Amino acid sequence: MGTRRILNRVVKALTPAYINAILDARQSLARVSSQPWRDACSRVKRLALNESRFSILPPTLPPLSFVIDVGGNRGQWISSLMELLPIPEIWIFEPNSDAMQMCRKRIGERPGITYFDLGLGDSEGHAELHVTAASNFASMLAPRVDFLEMHYGAKAAQIVGRKQVQIATLDSLVPESKSVDLLKIDVQGFERAVISGARRVLEKTRAVLIEVNLQSHYDGDDVFPALWNELVEQKFSFWSLSPPYIGSSGEGLWADAVFVKGENRRQPKRPHGAAGASWQT
């Protein structure tokens, strides 16, 4: 078979997926764009939709006046959200100085953006940050190296350094007068501590986007059921879950979950195996 015919078949095979990607993007962008078809054809916009997890956020959430990014890493998530929405005020927290430097370079010094070179937890003080070869695995908790290397690559979780970093709480930093539209938490197993140090802030938070481990990745981390319970106790209800990241053996390893505030909304069905008003952990 000639090269041209092979290419034609490849193009035909890919076209439906490409069209479906545009249709899906157009549906999400219709919430925030005056020209959703044009933006849906933009590869940059489609990448921003995927990276920001915008499609799993509640349709009623925009506009966003105040967003907090806990675990900003290199700025991938917040820069993607900014590609889709104007956000007057953004706070970015990242204790890994190398990652924060890249975050600042990516986003720049823009009005309304405040950078915090520190970590968040349930009390103020200092903690040891395990710095890994891949910055997105850096954590206050020790990584389960064998597990991470099996699923993410031989050097992904290799510890390349340890740093003493400052820890604060959101409750100590956010004024009582401020309300948070969207709180994003991506802290590699340290989520419960961040939530515990933000109980007052969570009372005036509209939605939480949180990375949840479906399998344990770090020593002493909490997986999805425990974090579900924590947020339900703060009067949030589950909204949506991104497609999980699939490991080398076919099991789901992690996903991004959205919880929203609103006692009068219809409660979702409980996951399989749940009992009563919370997941059993």
5 angstrom amide H check on GLN158, placed H, neighbours 5+ away: ALA133, ALA134
Backbone HN-Hα couplings from phi across the stretch 110-126 [Karplus 6.51/-1.76/1.60, Hz, Gly and Pro as x]: 9, x, x, 9, 10, 9, 10, 7, 7, x, 10, x, 9, 7, 7, x, 9
Choice from ARG206, ARG144, ARG53 with maximal GNM fluctuation in the chain (Cα, 10 Å cutoff): ARG144
Residues TYR245 and VAL145, FRET efficiency given R0 of 30 Å [Cβ-Cβ distance, rounded to 0.05]: 0.95
DSSP-defined beta bridges in the chain - what % are antiparallel, rounded to 5: 55 percent
Cβ-based exposure ranking for GLU230, GLU109, in which fewest neighbours within 10 Å come first: GLU109, GLU230
Label selected from (i) 1.00; (ii) 1.06; (iii) 1.58, the criterion being Cα Rg over 2.2 N^0.38 Å as computed here: (ii)
Spacing of the two label points (7 Å from each Cα toward its C-beta) at TYR18 and LYS105, in nm: 3.3 nm
Linear extension gain, SER97 paired with LYS155, 0.36 nm per residue minus alpha-carbon span: 18.8 nm
Gained length - HIS126 relative to ASP219, 0.36 nm times residue gap less alpha-carbon distance: 31.6 nm
Alpha-carbon centroid distance for the pair the stretch 35-94 / the stretch 128-195, whole angstrom: 21 Å
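Values in this text are rule-based calculations from the coordinates and carry no lab data. This structure is a prediction, so every number in the text was calculated from the model and none was measured. Don't worry about glycine lacking a Cβ; one is built from the backbone with ideal geometry, like all the others, and counts go over all protein chains shown.
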